[in-house]
Every structure is written in structure tokens, then in C-alpha cells.
Amino acid sequence: MAGGRPHAEAVALEAAGDVAGATVYVTLEPCAHSSHRGPACADLLVEARPARVVVGVEDPDPRTAGSGLARLSQAGIRADILPSTEARESLAGYLARKRLGRPHVTLKLAMSLDGCIALADGTSQWVTGAVARAHVHSRRAKADAILVGGGTWRADAPRLDVRLPGLEDRSPERWLLTSEPCPDGFRAIAFPDAVMEMAEVQYLYVEGGAQTAASFLAADLVDRLEIYRAPVLIGAGLRAVGDIGLDELDGAHGRWELAEQAQLGSDTFTAYRRLR
Ligand SMILES: NC(=O)C1=CN([C@@H]2O[C@H](COP(=O)(O)OP(=O)(O)OC[C@H]3O[C@@H](n4cnc5c(N)ncnc54)[C@H](OP(=O)(O)O)[C@@H]3O)[C@@H](O)[C@H]2O)C=CC1
Ligand SMILES: Nc1c(N[C@@H]2O[C@H](COP(=O)(O)O)[C@@H](O)[C@H]2O)[nH]c(=O)[nH]c1=O
């Protein structure tokens with residue numbers, strides 16, 4: 001559901017009818033603040049009288065943090081946090097905005113077995129196959145904004161839209177990291193301040209190239225890495241990630257954990273989440 005009101009609790013309680021005595025499961029701690037658009041979700045739940053509310057993630061919003069749960073407990077409703085990776089993942093954009101003050105950033109790279117995203121002359125279409133590229137479009141559809149560097153724009157003149165039947169209207173806003181004049185249909189963005197300022201963006205999808213990937217990684221602005229790997233060798237090509245200023249291996253360990261894996265035609269898809 002899109003942000004704003006009504007919150008999910010209001011909709012779910014309306015749909016469920018009588019929940020007296022039941023156990024209610026929610027991803028995010030029910031909010032404790034009302035707005036002109038509706039009452040606090042904790043108050044709605046108190047009124048609905050479930051026996052128990054199970055929460056996946058405590059709300060980092062200072063208006064709610066802990067007080068949503070407290071309000072339920074005070075009303076005699078058992079309220080527990082059952083930490084859940086799935087709940088956290090489903091709220092990744094909201095949590096990044098609240099905790100880090102910026103969008104949740106996914107860096108996607110489509111590379112060869114030996115870690116190249118293009119030939120040395122810049123040719124990159126295509127490294128991965130049709131199934132993996134369709135998967136990329138499904139990922140684009142989940143983003144609020146998509147970003148590439150000026151080098152990618154000059155090499156590929158990419159469309160960066162969603163071309164999956166039925167999802168065409170889910171194309172994200174297109175942003176370009178460049179000091180050059182911006183082409184029509186794109187918004188120029190300065191690094192890194194503008195990334196932090198994208199107040200209306202919860203999910204940012206960065207599609208390369210190598211220098212842009214390095215800029216985001218060096219600034220520790222990547223929360224999720226999505227790597228598509230094709231069974232091809234390129235050799236002396238363009239390495240997927242430019243210089244990230246790493247000077248000792250110890251600093252490279254313990255930063256990423258496996259989040260998801262899939263086989264997509266002859267290519268593999270592996271996603272990693274940044275440990276913070
Ligand atoms: N296989 C794949 O997944 C992909 C392959 N590619 C390939 O990669 C190649 C392009 O990669 P690459 O040459 O590394 O270029 P990039 O696409 O990373 O663009 C580099 C440009 O982005 C801007 N930029 C990047 N970082 C910063 C920063 N920190 N501050 C300000 N501006 C910044 C600058 O733009 P400017 O110079 O305009 O000011 C810079 O010249 C192409 O061959 C393309 O086909 C690209 C994307 C994905
Ligand atoms: N070469 C390459 C990718 N390249 C990325 O896709 C962009 C092109 O998008 P579009 O114009 O919308 O089709 C291109 O500029 C680059 O960011 N992606 C992949 O999934 N696999 C690939 O092999």
C-alpha cells in the first residue's frame with residue numbers, strides 16, 4: 001500500500017470485522033500518533049479488543065517508537081515484538097528514510113563470470129539473457145526512482161523504463177548523475193547530496209555503470225546489491241565496480257549477507273543486504 005493514510009491497520013480491521021479475542025499480526029508497530037486523516041492505529045486496535053498483537057518491527061518514528069506497543073499493553077492487550085527479516089525487508093524504504101534519512105538504495109549490476117559489465121570499448125548489450133533482463137524490469141517496477149551515470153547515458157542512451165505487460169505504468173522517475181546538460185525525460189542529480197535529499201523517494205534503483213557503482217559504494221550508500229551473472233567470460237573488459245578506496249581486505253569482510261538467489265534462464269541472480 002502507498003504511504004499516507006489510511007494505514008494498513010484501519011483497512012485490515014475494516015475488512016476483518018470482529019477481531020475481539022483474536023491475534024493480530026502487523027509488520028510495523030502500530031502508530032501512536034493521530035493525524036487529521038485518521039486516528040492512531042494503536043487506538044483503533046485498542047477499540048477492536050484483540051487478545052494479542054504481534055509486531056515484526058519497532059517503529060523508528062519518534063512519535064511512535066515503543067509507545068504504540070505501550071498503549072496496547074496499557075489497555076490489557078498482549079503486545080510483543082517478534083523480529084522478522086521479512087517484515088523488515090517489506091519496510092526497507094520506510095526504515096531507510098527514518099533511520100538513515102535517505103532512500104533505500106539497490107545497486108544492480110549485470111556482469112560476466114569474471115566480473116565485467118562491458119567490453120573494453122564500452123559495448124554491453126547484452127551481457128545477460130532475456131529472462132534476467134525481464135527480471136530487471138520487475139525490479140525497476142518496485143522503485144520510485146532509477147539512476148545511471150553520465151557514462152552509461154553516453155554509451156547506451158538507455159530507456160530505463162518498465163517494459164513488462166501490465167506494468168508499463170510503474171516506470172520509475174529517471175535520474176542521471178552528470179555534470180552535462182540533461183536529456184529530456186531525465187532529471188540531473190548531484191552526488192551525493194541530492195541522493196540524501198530525495199524526500200519523496202523510498203526506493204532508489206541504481207543501474208551503473210562502474211564509476212557510479214563505485215561512488216555509491218565508497219560513500220556507503222548501498223543497502224542491497226543485486227548481481228546478475230551470465231556464464232560468459234569477457235577478460236580485459238570494464239570491471240563492474242571502479243575504485244572504492246579499499247586498502248585492506250579486513251575492511252571488506254562482514255559487510256554483506258546473502259538475501260536471495262535465483263536461476264534466471266542461463267544466468268544467476270544473487271542479492272545481498274548491507275549489514276549495518
Ligand atoms: N552490464 C551492466 O549492468 C551495465 C553496463 N554499463 C556499461 O558501463 C559503461 C559506463 O560505465 P562508466 O564508464 O563507469 O560510467 P558511469 O555510467 O558510471 O558514469 C560515469 C559518470 O557519472 C557521473 N558520476 C559518477 N560518479 C560521480 C560522482 N561521484 N560525482 C559526480 N558525478 C559522478 C559523471 O558524469 P559526467 O561525466 O556526465 O559528469 C561520470 O563521468 C558503459 O559501457 C555501459 O554500457 C552500464 C550500466 C550497467
Ligand atoms: N548491459 C546490461 C544491462 N545494462 C543496463 O541496462 C540499461 C539499458 O536499459 P534499457 O534501455 O531500458 O533496456 C543500460 O544502460 C544499463 O544500465 N542490464 C542488464 O540487465 N543486462 C545487461 O546485459
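The values are calculated or read from the model by the stated rules, or taken from the named source; none is laboratory data. Values in this document were obtained by computation on a predicted structure and should not be read as measured data. Cβ sites come from the backbone with ideal geometry, for glycine too, and all protein chains shown count toward neighbours. We work out accessible area using only protein heavy atoms, side chains counted, and drop any ligands, DNA or RNA first. Shrake-Rupley method; radii C 1.70, N 1.55, O 1.52, S 1.80 Å.
Observations on the structure shown:
- Residues residue 131 and residue 211, FRET efficiency given R0 of 41 Å [Cβ-Cβ distance, rounded to 0.05]: 0.90
- Where both bridge residues fall in the chain, DSSP classifies roughly 35% of the beta bridges as antiparallel.
- Ligands, DNA and RNA aside, residue 90 has an accessible area near 70 Å² when probed at 1.4 Å.
- Difference of contour (0.36 nm per residue) and Cα-Cα distance, residue 266 to residue 99: 56.3 nm
- For residue 142, solvent-accessible area (1.4 Å; no DNA, RNA or ligand), Å²: 130 Å²
- In the stretch 102-274, the C-alpha radius of gyration followed by the widest Cα-Cα span (Dmax) gives 15.4, 47 angstrom.
- Probe 1.4 Å, all protein chains present, accessible-area order of 196, 111, largest first: 196, 111
- Take every DSSP beta bridge whose two residues both sit in the stretch 7-147; close to 10 percent of them are antiparallel.
- Fully extending the segment from residue 16 to residue 138, taken as 0.36 nm per residue of separation minus the present Cα-Cα distance, adds 40.8 nm.
- Reciprocal mean inverse distance between Cα atoms of the stretch 85-172 - Kirkwood radius, Å: 15.0 Å
- Furthest towards positive pole of dipole, 130, 228, 145, structure part the stretch 124-276, Cβ charges: 130
- Rounded to the nearest 0.05, the FRET efficiency derived from the C-beta distance between residue 8 and residue 119 at R0 = 41 Å is 0.30.
- Accessible area (Å², 1.4 Å probe, nearest 10) - residue 81: 70 Å²
- Among the protein heavy atoms of the chain, carbon and sulfur supply 51% of the accessible surface, probe 1.4 Å, non-protein parts ignored.
- Take the chain with all the other protein chains still there, run a 1.4 Å probe, and you get 52 Å² of accessible area per residue.
- Between residue 243 and residue 194, the simple label model (points 7 Å from Cα in the Cβ direction) yields a spacing of 2.4 nm.
- Extended-chain gain in nm, criterion 0.36 nm per residue less alpha-carbon gap, residue 157 and residue 58: 31.4 nm
- When you count the other C-beta atoms within 10 angstrom of each residue and take the mean per peptide, 147-153, 58-64, 10-16 line up highest first as 147-153, 58-64, 10-16.
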